[in-house]
1. Just a yes or no: is a residue in region 161-174 assigned to a strand (DSSP E or B), in contact with a strand residue (DSSP E or B) (Cβ under 6 Å, 6 or more places away or on another chain), surrounded by fewer than 24 Cβ atoms within 10 Å (Cβ to Cβ) and not hydrophobic (A, V, I, L, M, F, W, C)?
2. Looking only at residues that are out of contact with any Ser or Thr (no Cβ under 9 Å at 6 or more places or on another chain) and not in a loop (DSSP other than H, G, I, E, B) in region 140-160, which one is farthest from Y178 (Cα to Cα)?
3. Within region 181-227, track down each residue that is touching a His at 6+ places or on another chain (Cβ under 9 Å) and on the phi < 0 side of the Ramachandran plot.
4. Specify which of the listed residues (T260, T192) is in contact with a Pro (Cβ under 8 Å, 6 or more places away or on another chain), part of a strand (DSSP E or B), in contact (Cβ under 8 Å) with a residue 12 or more places away in the chain and over 30 Å from G176 (Cα atoms).
5. Being surrounded by fewer than 17 Cβ atoms within 10 Å (Cβ to Cβ) and either small (G, A, S) or touching a residue at least 40 places away in the same chain (Cβ under 8 Å) (or both) is the filter; apply it to region 82-119 and report the residue that is nearest to E188 (Cα to Cα).
6. Can P287 be described as in a loop (DSSP other than H, G, I, E, B) and in contact with a Cys (Cβ under 9 Å, 6 or more places away or on another chain)?
7. Restricting the search to region 57-80, which residues are surrounded by fewer than 17 Cβ atoms within 10 Å (Cβ to Cβ) and either without any contact (Cβ under 8 Å) to a residue 24 or more places away in the chain or closer than 22 Å to E128 by Cβ (or both)?
8. In this structure, does A245 turn out to be crowded, with 17+ Cβ neighbours inside 10 Å, without any contact (Cβ under 8 Å) to a residue 40 or more places away in the chain and more than 15 Å from D193 (Cα to Cα)?
Amino acid sequence: MALIVRNQAGVVDVKTEGNSERMEKSMCWCTTKLVVGSTRDLHGIPPVVLSGPCKDVTSTNSKYFHVAMQGCDNTRIDHITIDAPANSVNTDGIHIGPINGLNITNSIIKTGDDCISFGDGSTNIHVEKVTCGPGHGISIGSLGKYPNEKPVQGIWIKNCTLSGTDNGVRIKSWPGSYPGNVNDVHFEDIITDKVANPIIIDQNYCPGRVCKKDLPSRVKISNVSFRNIKGTSTTQVALKLNCSAGSPCDNVELADINLTYSGGQVTSTSRCSNVKPKVVGQIIPPPCPGLYHD
């Protein structure tokens, strides 16, 4: 598969390991760099650095992450289009971190993995007016797999639409993990259209079943809000807060949630562990049965 970046200003051919990737470079720049495709650490392919305001770029059928933002502080990406089929593996649309200060707006992401993924060291990130799907949703993590991961904090995801994705808005960490921290993360004004797991915290994230499931995650999640999230869920459990037994989630807020099950006459449900959420307004499905709500 080829990675193609389309816009107005010329064409470059990047030859790596016997392969040729055809790229059209746009007038796009960041404070330091915008990496299209992936970094060498992620995929063994040298980055392509674009210069100009980071706007109006299209990436099609990347072999791996379409865009990786690392060390590119105080950057804005606007009107980016990412296009890959739902069955393409590890084709995250935009992977972030470590980075301090990033705005992503007015973008369309279709891919086979996370539309936007936040790695460790992601701080002060604003995402607004992004359409995601197909894909695995918008995800914080996965975190805790490696030692000395930097905190993730100051993340705002607002006014986004997810359609036909495998997850909606998600925070994920590994069981038996190294210590980590997620703090001050907010999802607001989100629409889900036939999305599996529209709201999910998963601190037992274990793809491939290769992990220490008998040990709790040591990633601490605190000060997280899910506000005004509405739409349909393809899973009956539309709201899942699976926090760590070793480090329970603190100060999680659910406000004005309306998620209905699209699969039949039964109603949507929720499932919670190791969390006592604060509830504001009407919440559908009723949150965390059997738990006390503030």
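The values are calculated or read from the model by the stated rules, or taken from the named source; none is laboratory data. As the structure is a computational prediction, the values presented were derived from the model and not from experiment. Neighbour counts run over all protein chains shown; Cβ positions are idealised from the backbone, glycine included.
1. The answer is yes, given that some residue of region 161-174 is assigned to a strand (DSSP E or B), in contact with a strand residue (DSSP E or B) (Cβ under 6 Å, 6 or more places away or on another chain), surrounded by fewer than 24 Cβ atoms within 10 Å (Cβ to Cβ) and not hydrophobic (A, V, I, L, M, F, W, C).
2. It comes out as N159.
3. Once the filter is applied, which keeps residues that are touching a His at 6+ places or on another chain (Cβ under 9 Å) and on the phi < 0 side of the Ramachandran plot, region 181-227 yields V224, S225, F226, R227.
4. Only one candidate qualifies: T192.
5. Going through the qualifying residues, I end up with G101.
6. Criteria met by P287.
7. D73, N74, R76, D78, H79
8. The answer is no for A245.
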